[in-house]
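The values are calculated or read from the model by the stated rules, or taken from the named source; none is laboratory data. Being a predicted model, the structure only gives us computed values, none of them experimental. Using ideal geometry, Cβ is built from the backbone for each residue, glycine included, and neighbour counts are taken over all protein chains shown. All accessible areas refer to the heavy atoms of the entire protein, side chains included, with ligands and DNA or RNA removed. Shrake-Rupley method; radii C 1.70, N 1.55, O 1.52, S 1.80 Å.
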Amino acid sequence: MIREIVKMGNPLLRRVSRDVSEEFVKSDEFAQLLLDMRDSMKHYGGIGIAAPQIGVELKVAIIELGENNRYGEDIRFPFQVFINPEIEYLTDSLSAHWEGCLSVPGLRGYVERPEKVKVTYRDENFTKKEIIAEGFLATVLQHELDHLFGILYVDRIKDITKLIFQKEYEVFIQGE
Ligand code: ZN
């Protein structure tokens, strides 16, 4: 079911989400939560979504990067579920991208983040997994995981003049 997206200003986005138990992951309620997250992400054109963005304060995020994503990045990443993720930064060097967020509609912001990360997490079967990611995928992971800790990408913009509208982004940045 497509759910309404919780928008910036709602205190729910600013809270630290709770860890998810194995018992819950095996429940029908969890299966429904994943379906709702995926339906909502696809409906609103996102490449990732975190449970708090549909009003559920649990440490669950999903990412799916298709061919024609709105970020114009030539990268594919099959649907993946991240439960109780922990992040480790593998480098001091930064990579910067123009980020957007379903909870901050109509805007883009230029954010620098560590270029390479390792994420350990549980998948939808509660199997322990880890992934090492670089570049844009590392950014997407950090963005989604931030949601589980009450952080939005706008918090991480160093130069606030680089918070702009999506339409202006298309004309003045993408069109360059
Ligand atoms: Zn977001």
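Details
- For the stretch 95-113, a tally of residues being of a type in the set (A, V, I, L, M) and over 13 Å from I157 (Cβ atoms) returns 1.
- Of all residue pairs spaced 6 or more apart or on separate chains, those with beta-carbon atoms under 6 Å, a first member in the stretch 1-26 that is more than 13 Å from V56 (Cβ to Cβ) and a second member that is assigned to a loop (DSSP other than H, G, I, E, B) and of a type in the set (G, A, S) are K7/S103; M8/S103; R14/G150; V16/G150.
- Enumeration of residues in the stretch 147-162 that are closer than 27 Å to V56 by Cβ and either among the hydrophobic types (A, V, I, L, M, F, W, C) or touching a residue at least 12 places away in the same chain (Cβ under 8 Å) (or both): H147, L148, F149, G150, I151, L152, Y153, V154, R156, I157
- Any chance A51 is at negative phi, in contact (Cβ under 8 Å) with a residue 40 or more places away in the chain and of a type in the set (G, A, S): yes
- I131 being within 16 Å of the ligand (Cβ to nearest atom) and in contact with a strand residue (DSSP E or B) (Cβ under 7 Å, 6 or more places away or on another chain): no
- Some residue of the stretch 17-40 being assigned to a strand (DSSP E or B) and out of contact with any helix residue (DSSP H, G or I) (no Cβ under 7 Å at 6 or more places or on another chain): yes
- Check on V104, within 15 Å of the ligand (Cβ to nearest atom), open to solvent by less than 30 Å² (accessible area, probe 1.4 Å) and over 30 Å from S27 (Cβ atoms): yes
- Unmet requirement for E112, which otherwise passes all of (1) within 16 Å of the ligand (Cβ to nearest atom); (2) among the acidic types (D, E); (3) open to solvent by 20 Å² or more (accessible area, probe 1.4 Å): (1)
- Tally, over the stretch 148-174, of residues that are open to solvent by less than 60 Å² (accessible area, probe 1.4 Å) and β-branched (V, I, T): 5
- Residue match in the stretch 1-12 (condition: in contact with an Asp or Glu (Cβ under 6 Å, 6 or more places away or on another chain) and exposed (fewer than 12 other Cβ atoms within 10 Å of the Cβ)): yes
- If you check I63, I87, I49, I75 for being among the β-branched types (V, I, T) and touching a Ser or Thr at 6+ places or on another chain (Cβ under 7 Å), only one passes: I49.
- Meets criteria (of a type in the set (V, I, T) and in contact with a Lys or Arg (Cβ under 7 Å, 6 or more places away or on another chain)) for V111: yes
- F136 fulfils the conditions (1) at pLDDT below 95; (2) open to solvent by 40 Å² or more (accessible area, probe 1.4 Å); (3) not aliphatic (A, V, I, L, M) except for a single criterion, (2).
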